[in-house]
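Working notes, structure below.
Coordinate-derived values only; no laboratory data. Here the structure is a predicted model, which means the values were calculated and not measured. Here Cβ is always computed from backbone atoms with ideal geometry, including for glycine, and neighbour counts include all displayed protein chains.
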Amino acid sequence: MEHRVISQTLDLERSFVEPVVKAVLHTILFHRYFGNASVDNADVESTVNEKVDELMQSLSVSADSKSQISLCFTETKPRRAWFSKSEEEICWEEWTIYVNAKVHKTERGKCHFRPNKNICAPVC
């Protein structure tokens with residue numbers, strides 16, 4: 001099976017990082033839920049919140065900083081050896097989101113979102 005790697009870079013003001021990253025992760029998981037993979041709904045929300053909290057802790061509060069978060073979809077397949085059987089997890093799709101968090105020193109420097117060519121782009 002082919003291993004797909006998809007990456008996306010987000011340049012955001014730090015106050016927008018948490019809700020935007022949560023929205024992106026939930027969008028990927030929603031697509032997979034109705035696509036060709038199954039997602040266990042019981043722990044999805046808490047796991048996403050936990051991982052985004054870890055991402056937020058890795059970002060600096062007072063200076064521009066960078067971090068990343070990855071989401072990997074795996075499949076468990078049996079591994080056959082000479083005298084034993086075991087299972088291995090094979091990653092078939094990996095999403096990596098690179099986050100560039102910007103910190104503005106004044107209220108005037110904050111970004112505002114304005115639609116631009118069917119996407120919302122920050123205008124600073």
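Relative to the present Cα-Cα distance, how much length would full extension add between Cys72 and Tyr98 at 0.36 nm per residue of separation? Present the calculation step by step, with values, prior to reporting the outcome.
Values: separation 26, 0.36 × 26 = 9.36 nm, distance 1.46 nm.
Full-extension gain reported as 7.9 nm.
Mind checking which aspartates and glutamates have their C-alpha under 18 Å from Lys85, skipping anything on the same chain fewer than 8 residues away?
The reachable aspartates and glutamates, counting only those whose Cα sits under 18 Å from Lys85, are Glu75.
Cα convex hull of the stretch 39-80: how many Å³ per residue?
On the way: hull volume 4.1 nm³, N = 42.
That works out to 98 Å³ per residue.
Lys and Arg at +1, Asp and Glu at -1: add these up for the other residues within a Cβ distance under 13 Å of Arg4 and post the number.
Values: positive: Arg32; negative: Glu2, Glu75, Glu93, Glu94.
Spelling it out: positives minus negatives among the neighbours equals -3.
I'm a student and want to see the number: the projected area of the Cα convex hull of the stretch 56-98, averaged over all directions, in nm². List each step's numbers first, then the result.
On the way: hull surface 17.8 nm².
Hull-based average projected area comes out at 4.4 nm².
Please work out how much length the chain gains when fully extended from Glu2 to Ser84, using 0.36 nm per residue of separation minus the C-alpha to C-alpha distance, in nm with one decimal. If you can, show how the numbers build up before the last one.
Working: separation 82, 0.36 × 82 = 29.52 nm, distance 2.61 nm.
Between Glu2 and Ser84, full extension yields an extra 26.9 nm.
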